[in-house]
1. Can you list, by residue number, the Cys in chain A that have no neighbouring cysteine C-beta under 4.7 Å?
2. Rounding to the nearest 20 debye, state how big the charge dipole of the range A:696-746 is about its Cα centre with +1 on each Lys and Arg Cβ and -1 on each Asp and Glu Cβ.
3. Is the shape of chain A best called rounded, prolate or oblate, per the rule: a/c under 1.5 gives rounded, else a/b larger than b/c gives prolate, else oblate, with a ≥ b ≥ c the square roots of the Cα gyration tensor eigenvalues?
4. When only C-alpha pairs under 8 Å and at least 6 residues apart count, what is the relative contact order of the range A:385-490, in percent?
5. Taking amide hydrogens as modeled 1.01 Å from N in the peptide plane, which residues meet the under 5 Å criterion relative to A:Val80, leaving out close sequence neighbours?
6. What order do you get for A:Lys287, A:Lys348 when you list them from fewest to most C-beta neighbours inside 10 Å?
7. Based on other C-beta atoms within 10 Å, arrange A:Cys687, A:Cys122 from fewest to most.
8. May I ask you to list the GluC sites (Glu not before Pro) in the range A:296-350 that are in a DSSP loop and have at most 14 other Cβ atoms within 10 Å of their Cβ?
Amino acid sequence: MVKTDFIPLDYDNFDFNGKNYIRMIGRNSKGKSLCVIDTCQVYLWAVLKSPLALSKEKINSLIEKIKKIQLDIKGRKTKVENVEIHEKKFLGRSVKALKIFATNYKDLHGIASELDFKEIECRRGHDLGFVTHYIIEKKISPLNWYEISGEFAGAEFQGIENLDVDSCIVLESSKEIPLEKAPNFKPKVLSYDIETDGIKIGEGEILMVSLSGEKFKKVITWKKSESVSNRRVGNKKAVLDYVEYVKDEAELIEKFVESVKEFSPDFLVGYFSDGFDLPYLRARAQKLGVPLALGIDGSQPRFSRSGVRGGFTAKISGVVHIDILKFIQTAYSQYMQSETLSLKEVSKEFLGDTKKDFKIEHSSKIQTSKHWEEYYEYCLQDSFLTLGLFEKMWQDLLGFTHVIQEPIFDISRNGMSSNVEDFLIHNLERFNEIPEKRPTHDEIGSRRQREKYVGAFVFEPIPGLYENISVFDFTSFWPSIIVTFNLSKSTLLKQKEKNSVEAEVLDKKVYFTKTPGFFPELLKEIVLKRKQYKKELAQSKTQDAIKKARSNAYKLLANASYGYMGFFGARYYCPEASGAATAISRRFIKETIDKIDHAGYKTIYSDTDSIALLMNKRKESQILKFLEKLNSDLPGIMELELEGFFKRGIWVTKRAGGIGAKKKYALIDKKGKLKIRGFETVRRDWCPLARQVQNNIIRQVLEDGNEKQSLKYVKEIVKKIKQRGVDKKDLIIKTMLQKPLDEYKAISPHVIAARKMKDLGLPSSVGSLIEYYISEPAGVRGMKKALVRDRVKLPGEPGEYDIDYYLEHQILPAVENIFQVFDVNIKEVLDGKRQTTLGDF
DNA sequence: GAGCTCTTCTTACC
DNA sequence: ACTGGTAAGAAGAGCTC
């Protein structure tokens, strides 16, 4: 009998003698690596039809029939091992359900299809996956500490003796160690990055691979210039001591595997490594006939297509492979400043550090040793940054894993809807709930065709410059509504009951019970967590990007639960509930606006959960008191808070129609800090010049309260453009290619640019940012007949920029609505000037 | 072919 | 296909006279 503490990091399953086993890989507090083998009962639920028609005898005879079920699936004998009857809940409803135990989890589907009895309403719980089922059943959750005991695994499991771990234990009992007594877990992390000739997977050669860990850095390469190899003569190694030379690409791969094994990381981390580094390594290893035996059992990485957008996920047995880009995408990207999720931008935002300046060239063009050394450094820096990002995000990965309780491999890759769902699935037992099934292909099809329900309310602002503005917003608006009004699939009523919640969705009334459902109850826990992190963020003195990110990550998880109910792929899909949430949201925001206006303030803008109001000479303390009063009228966990006080704000007209534009405004606080929303300044599909000019003007106007300075400034800029004094890089327009080139019906400028790139053999796949500028039309200047797309040129293409295009389609549209607020028609002002200059000629 | 509206597409806001 | 709806705005597509 062995006893030890244990933290599971990775979960895998295998079959042995027809039964399912779990293999957990983790560590103990002494840092030894452990493999823990366990098994659990597998079963599915058969929910019985309304109990009234079912006598005890009927149920017993049904059970007897079910017990006789035997199957032979692909030579695997499986049968119903036992049947029990339980009082359960299904979608909040009390039901009698049969717990049907079977030999092998994989056969539950087969068993389910044999359960064709009229007494059975539905079959559930067989589509969770064995790992999820195991975690629920045995309550051994990833990244939690346990006191475990068992026996050392002998030869009874084939191949187990070849596992590269310190010991292997067959689990007998386990006990969770409470958080306050749990050992500290510091993961062993190794990051990696490869450099290749050619972007297409496996097409070129791998030139080098870098590895970064704590007190560890290495670049393995077989590429060097003659002068470099000369330096190795005698005792002297390469100038950069972390560079390890090998003889060829095959040996590079071998050395890489060896180095990873030697370091023995818990986490092997890459950046876009599911989509690039690991598939590339695999392709080259295959081609060269070298095994990429990274797994602790000597296995190669397993790729599956279950990932997002047809991409791959790459799993290494016993080592948790993390593609940190995927986690950034789901957990942080919405709130990030970076315009792309390139390692360069992201590391700058989170680490303040960035990639080395280096122009990647084909290896044949790299001749000098200095040039190669720069390349090594560049490669090392990339894995160094990747490591830094993982370390920054570790707390959130840990937090998410604890809350959601799925293995971190999945947590780090799944979208928010899966995270919400996994969180629900792992907490159903507390409510005695049987899990709902995944929608079928057909259900998804019809759900996707459903009519859109009405969303949030957006206030039409009156364009103008305003002074002394307060902004209120509802904290966790959607979750607070869902929790307060108990909205969910399981609380939806078929018809009105007395004392039920009522809302109108698509001209139909929907009703929800007030008996708390598991979905709103669980959501409440997330909201509270988010509240705690937000408080910690507010209390921290330092500007900590990751604290902010964490707070936002929980906000995302909470907010996603609203979207989740309207998402066609959800188990707990309920558009009535999301629709009711938006209906209720509109009611509350409008009521609050009314109260604000009746109290002698004036609402100038509102979008979804926030309201901007004029303070009308009242003091901040009075505003806060008023806010308290508004709060005292709010039900449940709904809460209105102060977003901030602002010195000035500007709202502009729409380009067409002359009415106030929604989702476009700018505010300045007393410290001079700007908050700009929706303006071209924040849009990446406008050229940098237009964005900078608009940003400067917004700042000046909000600081000064008038347009005088800005007018001068714009005139200067216009002059500079006309004199061709603008740097081309400030005129580059970036647009993302959202689908394959040939799927575009409308041939817009960025499609033309992407075609040009394709013709030049440049990579332009779905998701890449296409860059271009608009050049002077061929022929006479001023001839405006040509379509914009006919004047598109790639940044590298020689040509002059089109003065008229940049004036009339970039600079003017970006500034004219702002000047209009001051009754200045900037077009006329500039035209007037232009006419005089023309007259001068 | 000028001038208009409609459609497609991208990106923002919350 | 991988949370929801609301909205602005550019440019091409397509229509009418």
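1. Those would be A:Cys40, A:Cys122, A:Cys379, A:Cys574, A:Cys687, since no other cysteine Cβ in chain A comes under 4.7 Å of theirs.
2. 300 debye
3. Because a/c hits 1.5 or more and a/b fails to exceed b/c, chain A counts as oblate.
4. Relative contact order, the range A:385-490: 12 percent.
5. The list, which skips near neighbours in sequence, is A:Ile69.
6. Fewest to most other Cβ atoms nearby, the residues stand as A:Lys287, A:Lys348.
7. Fewest to most other Cβ atoms nearby, the residues stand as A:Cys122, A:Cys687.
8. Counting only loop positions with at most 14 other Cβ atoms within 10 Å, the GluC sites (Glu not before Pro) in the range A:296-350 are A:Glu339.
We did not get these values from a lab; they are worked out from the coordinates using the rules stated. Just so it is clear, the model here is predicted, and its values are computed rather than measured. Reconstructed Cβ throughout: ideal geometry from the backbone, glycine too, with neighbour counts over all protein chains shown.
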